[in-house]
1. Exactly one of (1) at pLDDT 80 or above; (2) small (Gly, Ala, Ser); (3) open to solvent by less than 100 Å² (accessible area, probe 1.4 Å) is unmet by Ser51. Its number?
Amino acid sequence: MESTQITDSGAAARRARFGSLPERIRQEDMVEEKSATASDPARYAFNPEGSWRSFSCLAVDLGL
């Protein structure tokens, strides 16, 4: 008899502390859609004068 009273009081304490589960979030509410921006051709254009800065070479590092 006493164990059920402890269980009931424990359940009541948990219910008082945590209440109920939160509402489910729909998939549509979790997904954000953005339109893609146009590609900037100047960003990916090859620049032969500045290309040496973006690559690491052991010979260049040693000054050979």
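The values are calculated or read from the model by the stated rules, or taken from the named source; none is laboratory data. Since we're looking at a predicted model, the values are computed, not measured. Here the Cβ is made from the backbone with ideal geometry for all residues, glycine too, and neighbour counts use every protein chain on show. Heavy atoms of the whole protein, side chains included, go into the accessibility calculation; ligands, DNA and RNA do not. Shrake-Rupley method; radii C 1.70, N 1.55, O 1.52, S 1.80 Å.
1. All conditions pass for Ser51, except number (1).
Table: residues versus (1) modelled with pLDDT of 75 or more; (2) in contact with a Phe, Trp or Tyr (Cβ under 6 Å, 6 or more places away or on another chain); (3) in a helix (DSSP H, G or I).
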residue	(1), (2), (3)
Ser3	no, no, yes
Ala12	yes, no, yes
Leu21	yes, no, no
Thr37	yes, no, no
Asp40	yes, no, no
Tyr44	yes, no, no
Ser56	no, no, no
